[in-house]
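The values are calculated or read from the model by the stated rules, or taken from the named source; none is laboratory data. Here the structure is a predicted model, which is why all the values come from computation and not from measurement. Cβ: placed from backbone, ideal geometry, glycine included. Neighbour counts: every protein chain shown.
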Amino acid sequence: MMDYEIVFFKPIKFEDCMKCVEYIREEKIVHINLCDLDAENSQRILDFISGAVYIQEGQIVNPGEKVFCSIPKDKKYLMDYKEKVPSVLDSRYDEEEEIIPQYRKR
């Protein structure tokens, strides 16, 4: 068997997700493309795969529309193209900017 780190996976029916779960159990990074599926089947497959990822203590990221990636617990990743989300450590997080009215003298 070939040694690889990333598996590109594009299921066409629900039964295909069993193969994806095997890759997740082997702690591979799995790129899952659900573009060709309707909303119901996409959600069903994503729910099933999410359970497998949860059991393995990994995580799922969403790098694009109808595209997901399972990341094993010991792997790190960078999504350099996503907008920066304010962190809890950011001093202005969850605060409204103070608006100071300015009055003109007539």
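Of note:
- Check on Val85, out of contact with any Leu (no Cβ under 6 Å at 6 or more places or on another chain), in a strand (DSSP E or B) and modelled with pLDDT under 95: no
- Just one of the listed residues (Lys28, Lys19) is of a type outside the set (Ser, Thr, Tyr) and touching a strand residue (DSSP E or B) at 6+ places or on another chain (Cβ under 7 Å), and it is Lys28.
- Scanning region 14-47 for residues that are surrounded by 10 or more Cβ atoms within 10 Å (Cβ to Cβ) and among the charged types (D, E, K, R) yields Asp16, Lys19, Glu22, Arg25, Glu26, Glu27, Lys28, Asp36, Arg44, Asp47.
- If you check Leu37, Leu46 for being farther than 20 Å from Lys75 by Cα, part of a helix (DSSP H, G or I) and touching a residue at least 12 places away in the same chain (Cβ under 8 Å), only one passes: Leu46.
- Test result for Ser42, more than 20 Å from Phe8 (Cβ to Cβ), at pLDDT below 95 and of a type in the set (Gly, Ala, Ser): no
- Among the conditions (1) over 18 Å from Lys76 (Cα atoms); (2) within 15 Å of the chain's Cα centre (by Cα), the only one that Ile24 does not satisfy is (1).
- In the condition set (1) exposed (fewer than 12 other Cβ atoms within 10 Å of the Cβ); (2) part of a helix (DSSP H, G or I); (3) touching a strand residue (DSSP E or B) at 6+ places or on another chain (Cβ under 7 Å), Phe8 is compliant with all but (2).
- The set of residues in region 17-31 that are farther than 18 Å from Glu57 by Cβ and touching a Phe, Trp or Tyr at 6+ places or on another chain (Cβ under 8 Å) comprises Cys17, Lys19, His31.
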